[in-house]
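This report refers to the structure that appears directly beneath it.
The values are calculated or read from the model by the stated rules, or taken from the named source; none is laboratory data. In this text the structure is predicted, and so the values were computed from the model without any measurement. Quick reminder, even Gly has a Cβ in these numbers, built from the backbone with ideal geometry, and neighbours come from all protein chains shown. We work out accessible area using only protein heavy atoms, side chains counted, and drop any ligands, DNA or RNA first. Shrake-Rupley method; radii C 1.70, N 1.55, O 1.52, S 1.80 Å.
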Amino acid sequence: MFDSQPKVIDESRQGEAIALDSSPDSGKKLYIESYGCQMNFSDSEIVASILTGAGYSTTRDEQEAEVVLINTCSIRDNAEQRVRNRLHHFHARKRRQPGLVVGILGCMAERLKSTLLEEEKIVDLVVGPDAYRDLPNLIGEVESGQKAVNVLLSREETYADISPVRLDQNGVTGFISIMRGCDNMCSFCVVPFTRGRERSRNPETIVHEAKYMFDQGYREVTLLGQNVDSYRWNITKKNEVIDPEQPTVNFAQLLEKVALAVPEMRIRFSTSHPKDMTDDVLETMAKYHNICKYIHLPVQSGSTSVLKRMNRGYSREWYLNRIAAIRRIMPDCAISTDIIAGFCGETDAEHADTISLMRNVAYDFAYMFKYSERPRTLAERKFEDDVPEEVKQRRLEEIIELQMENGKASNERAVGKTFEVLVEGPSKKSDAEWCGRNSQNAMVVFPKGDFEKGSYIHVEINACTAATLKGEVVPS
Ligand code: 5AD
Ligand code: SF4
């Protein structure tokens, strides 16, 4: 998606906005802006599908919109602040355009429920992540002069039957949600409250969607879930089969099914959880060339005592054992992570454990955050957010600095090697260059040639920056 994604990203990851454009040029004009994780971007495609089915057409130009929907993220306070600024912006526009409908979707809608509507009065519509099928009806209510809210969470909704309207820019890489919700209750995390209980989607519909995407020209798909390793179909958490007539499917089996169904399409997935990631998944990855050799394995902290307070369900040693398993089964696999600096009660020694773990693992890429206390979470109820702001900041900077070194070293190790690259299109920086990713998810830039978007080429790497690899195309 980005041709200049830095090797290090801090808080700024939350809050990228995309505007959608899919339009047949008819019907009421809908403008959607998405913030936060990939799941939200994928949900916006479901929303676009539901509303285009009800006669709306999407636009990229907020000025011509008659309905504005903001799909929001609650994961950290600064993500919510950015959304609030946007809501005030659109609310102000209603003075000029009284018929404009402004709605809030996603995690903030679920977390704040009717507050934004009844107390702050800055939106007309509040719709939680499991209620998108109700959108046409709710927008209708707003248009007839009522305020509309649906924040019911569901134990079943997976939108399995909805074929998303693809809203990515390049037509080569896309997402499929394979499950929704999260049952983990990490103590810092608001997601279990905003996205509800974990539920997996019917594997047949996932395979069907992957094939359909391939037919549309897509060559890479990312399977999305908060914790993909706990994907299970027709089997309970206690390993009881639900319907003996039907097959059971776990995540390793799902990966294999998709890999076999679309052998010319690359498969990625996110997010893995260290406590649940099995060798089975790793062996399946190793077995299929089209499953990318890249794992995002959030560690959060390198200290066992902090991990315990975070309720992550693993220790430092367990995590390092999982890293060793990845290295053993797929020596060429890239690994990225998420790290939180300054969680409740974090001591200098505990922070030093995170630094030493980072040195030990040498991540190729990392997302790094300062702890941000979230209402209703276990941490908010049980612990004090007692690491002073300047200490959090200093620790975060130390973590970012080390990751810069690790990222640079990772890119330097790639110089001299040849990778298969999926051509995504022109590079953002120069008309003379094109870009694409290798299996390890590194962005590779190469001189423009007679390549088609979505084709596979081989690139020999001869230089790198902190963010990208550069090279020459060599015969395949
Ligand atoms: N404060 C800071 N970072 C958080 N994350 C989740 N909740 C919080 C929080 N309250 C981070 C975790 C998670 C990533 C998606 O966001 O690192 O893996
Ligand atoms: Fe949040 Fe933990 Fe679930 Fe991830 S696994 S969404 S961090 S509760």
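Numbers for the structure displayed
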item: Yes/no for Asn78 being modelled with pLDDT of 95 or more and not β-branched (Val, Ile, Thr); result: no
item: Selection count, the range 394-405, where residues are under 21 Å from Pro298 (Cβ atoms) and open to solvent by 20 Å² or more (accessible area, probe 1.4 Å); result: 6
item: Checklist (1) crowded, with 19+ Cβ neighbours inside 10 Å; (2) closer than 13 Å to Val228 by Cβ; (3) within 16 Å of ligand 2 (Cβ to nearest atom) applied to Asp276, failing item; result: (1)
item: Only listed residue being surrounded by fewer than 18 Cβ atoms within 10 Å (Cβ to Cβ) and more than 16 Å from ligand 1 (Cβ to nearest atom), chosen from Tyr132, Tyr212; result: Tyr212
item: Every pair of residues 6+ apart whose Cβ atoms lie under 6 Å, when the first sits in the range 360-385 and is assigned to a helix (DSSP H, G or I) and near ligand 1 (Cβ under 9 Å from one of its atoms) while the second is of a type in the set (Ser, Thr, Tyr) and open to solvent by less than 50 Å² (accessible area, probe 1.4 Å); result: Ala379/Ser187
item: Selected residue [in the same structural domain as Phe269 (by TED's automatic domain parsing) and within 21 Å of Asn170 (Cα to Cα)] from Arg219, Arg232; result: Arg219
item: Some residue of the range 230-248 being open to solvent by less than 30 Å² (accessible area, probe 1.4 Å) and assigned to a loop (DSSP other than H, G, I, E, B); result: yes
item: Scan of the range 183-229 for residues that are part of a loop (DSSP other than H, G, I, E, B), among the aromatic types (Phe, Trp, Tyr) and closer than 25 Å to Ile291 by Cα, ordered by number; result: Tyr218
item: Breaking point among (1) under 22 Å from the mean Cα position of the chain (by Cα); (2) assigned to a helix (DSSP H, G or I), for Ser272; result: (2)
item: Count of the range 182-198 residues which are surrounded by 20 or more Cβ atoms within 10 Å (Cβ to Cβ) and either near ligand 2 (Cβ under 8 Å from one of its atoms) or under 16 Å from Leu152 (Cβ atoms) (or both); result: 9
item: Scan of the range 352-402 for residues that are closer than 30 Å to Tyr294 by Cβ and aromatic (Phe, Trp, Tyr), ordered by number; result: Tyr363, Phe365, Tyr367, Phe369, Tyr371
item: Residue, farthest from Gln81 (Cα to Cα), within the range 348-393, restricted to residues that are open to solvent by 50 Å² or more (accessible area, probe 1.4 Å) and either of a type in the set (S, T, N, Q) or outside the structural domain of His296 (by TED's automatic domain parsing) (or both); result: Asn360
item: Residue in the range 322-337 that is among the charged types (D, E, K, R), within 16 Å of ligand 1 (Cβ to nearest atom), assigned by TED's automatic domain parsing to the domain that holds Asp386 and surrounded by 16 or more Cβ atoms within 10 Å (Cβ to Cβ) present; result: yes
item: In the range 285-319, the residues that are assigned to a helix (DSSP H, G or I), touching a residue at least 24 places away in the same chain (Cβ under 8 Å) and surrounded by 19 or more Cβ atoms within 10 Å (Cβ to Cβ); result: Met285, Val306, Arg309, Arg316, Tyr319
item: Residue in the range 329-337 that is closer than 28 Å to Val445 by Cβ and touching a Pro at 6+ places or on another chain (Cβ under 8 Å) present; result: yes
item: Qualifying residue in the range 265-280 (condition: free of Cβ contacts under 8 Å to residues at least 24 places away in the same chain and either assigned by TED's automatic domain parsing to the domain that holds Glu220 or among the aromatic types (Phe, Trp, Tyr) (or both)); result: no
item: Residue in the range 162-171 that is within 16 Å of ligand 2 (Cβ to nearest atom) and open to solvent by 10 Å² or more (accessible area, probe 1.4 Å) present; result: no
item: Check on Ile267, assigned to a strand (DSSP E or B), more than 16 Å from ligand 2 (Cβ to nearest atom) and in contact with a helix residue (DSSP H, G or I) (Cβ under 6 Å, 6 or more places away or on another chain); result: yes
item: Members of the range 223-248 that are more than 16 Å from ligand 2 (Cβ to nearest atom) and not acidic (Asp, Glu); result: Trp233, Asn234, Ile235, Thr236, Lys238, Asn239, Val241, Ile242, Pro244, Gln246, Pro247, Thr248
item: Among residues of the range 256-282, those that are among the hydroxyl-bearing types (Ser, Thr, Tyr) and closer than 18 Å to Ile329 by Cβ, counted; result: 2
item: Residue match in the range 136-144 (condition: assigned to a loop (DSSP other than H, G, I, E, B) and surrounded by fewer than 23 Cβ atoms within 10 Å (Cβ to Cβ)); result: yes
item: Residue count, the range 113-135 (criterion: among the small types (Gly, Ala, Ser) and either in a helix (DSSP H, G or I) or under 20 Å from Glu66 (Cβ atoms) (or both)); result: 0
item: Odd one out for Glu110 among (1) among the charged types (D, E, K, R); (2) outside any helix (DSSP H, G or I); (3) in contact with a Leu (Cβ under 8 Å, 6 or more places away or on another chain); (4) over 20 Å from Asp229 (Cα atoms); result: (2)
item: Those residues of the range 445-476 which are closer than 24 Å to Gln216 by Cα and part of a strand (DSSP E or B), in sequence order; result: Tyr456, Ile457, His458
